[in-house]
Ligand SMILES: [Fe+2]
Ligand SMILES: [Fe+2]
């Protein structure tokens, strides 16, 4: 780490230590047993984050902190928040246990500073609002105070995480904040009522026992999510295996499906398609030529011109693909894009010869990404064409083979590309399929033709 990074990290740690000392000095009204109970509950919540998507975790510590803020005020809440960043153990995917004593010290410092500063400052805002407007806990205006308290916690927490990531990795603060923070906004909204519920339970003489009992369903919910994510992991592994099978069929098409998936994603993102649709399109890209498994190698790898009957067999690959995938519960978007990735905008493509109006935008996106990669790759019957030659073909075929709007988007992307992307693509399929805005659990704790003949109209 650079000296300036160490300096900034040390500075924030010292500031947070001062805040903590202020809290220890001023806290009153809770017994040591209550303090220990809340530290155990908060540390347990930090150690057992709830997964709601792959690598996206949300810890319910914030609910605990809200209950504490309502019950015991800013000082005790900050002490519990600060200590929960030290006393936690997280089990990673490899089965290793990560805790304060085997994690890099700077991560603990960043975590500690983040939690302390955000809890302390939003607590001060809470106190100010309660005093200034003379609000009591049972007052309806409490909803606004809790909303502002959570908004402050969210902003301080996520901005500080983005700043710490900038200090440690040099990432851009605003970009990191937008990519890593906005998704967790609904979780903050969902956690607030849990916090209030914890507070109400805690007011009961048997409150501590009730809160402990609540940990059971929470752990069960967490376990169910883990099982769901493991089955999704298996789904990605099956796609990875099928992609490897397709590519093993023909040495000329090695990496083809992954490159097609890469361009499909770029096009779809620029066309502002929904994340779920982009995800489906990438799976379709990885599996689009799976039907070639059913076609003889002698046809796929034939160096010369194909006979009419051989060509007819090639034209069956989208249909064979759909038959192979028939039993798998893929979305209709995936199956439709695979079936129609060789249709043409003016009609006359295959397998159905549909025109532009009857073919989905998804199939055109997959089709153009597929054609671009086929044109710029070596084939048994020709050498790869240059990117510039490919772009002029895209321009010529815009509105003929290719959907005009999709062609414009791909041309714009290619013209902006600086380096030869093919050289840089070591992308893991799992990464390619999954949402790229995923955050690692650690950060969150701190919060793929073509055997087709290249004839000008049939790539
Ligand atoms: Fe194909
Ligand atoms: Fe292809």
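Every read-out reported here was derived from the displayed coordinates using simple, explicitly stated rules and does not represent laboratory data. Note that the coordinates shown come from a computational prediction; the quantities given were computed from them, not determined experimentally. Cβ atoms come from the backbone with ideal geometry, glycine included; neighbour counts cover every protein chain shown.
Could you give the C-alpha radius of gyration of the stretch 59-174 expressed as a fraction of 2.2 N^0.38 Å, taking N as the number of residues it contains?
On the way: Rg = 16.0 Å, N = 116, 2.2 N^0.38 = 13.4 Å.
That ratio works out to 1.20.
Once the piece of chain linking residue 396 and residue 215 is laid out straight, how much longer is it, given 0.36 nm per residue of separation minus the C-alpha distance between them? It would help to have the intermediate numbers written out before the result.
Details: separation 181, 0.36 × 181 = 65.16 nm, distance 6.34 nm.
58.8 nm is the gain from fully extending residue 396 to residue 215.
From most to least packed by mean Cβ count within 10 Å, the peptides 387-395, 60-68, 313-321 give 60-68, 313-321, 387-395.
Average projection, convex hull of the Cα set of the stretch 3-203: 11.9 square nanometres. Measuring max minus min along each principal axis, the C-alpha atoms of the chain give extents of 89, 47, 42 Å (largest first).
Using just its DSSP H runs of length 4 or more, each adding -39500 (n - 2.57), the chain gives a mean residue ellipticity at 222 nm of -21000 deg cm²/dmol after division by all residues.
Which of rounded, prolate, oblate describes the stretch 229-445, given a ≥ b ≥ c as roots of the alpha-carbon gyration tensor eigenvalues and a/c under 1.5 marking rounded, otherwise prolate only if a/b is larger than b/c?
Note, shape of the stretch 229-445 comes out rounded.
Ordering of 117-125, 160-168, 327-335, 141-149 by packing is 117-125, 160-168, 141-149, 327-335, highest average first (other Cβ atoms within 10 Å, averaged per residue).
Would you order 38, 177 from fewest to most other beta-carbon atoms within 10 Å of each residue's own beta-carbon? Display every interim value, and only then the final one.
Working: 38 27, 177 19.
By the 10 Å Cβ count, ascending: 177, 38.
When peptides 131-137, 200-206, 372-378 are sorted by average Cβ neighbour count within 10 Å, with the highest value leading, the order is 372-378, 200-206, 131-137.
Can you give the extra length, in nm with one decimal, that the chain gains between residue 4 and residue 105 once fully stretched, where that is 0.36 nm per residue apart less the Cα-Cα distance?
Numbers: separation 101, 0.36 × 101 = 36.36 nm, distance 1.65 nm.
Fully extending the segment from residue 4 to residue 105 adds 34.7 nm.
I need the shape label for the stretch 215-291. Rule: rounded when a/c is under 1.5, else prolate if a/b > b/c, else oblate, with a, b, c from the alpha carbon gyration tensor. The partial results should precede the final answer.
Details: a/c = 4.32, a/b = 1.69, b/c = 2.55.
Cα axes put the stretch 215-291 in the oblate bin.
Rounded, prolate or oblate: pick one for the stretch 171-220, where a ≥ b ≥ c are the square roots of the eigenvalues of its C-alpha gyration tensor, a/c under 1.5 means rounded, and failing that, prolate if a/b is larger than b/c, else oblate. In terms of gyration-tensor shape, prolate.
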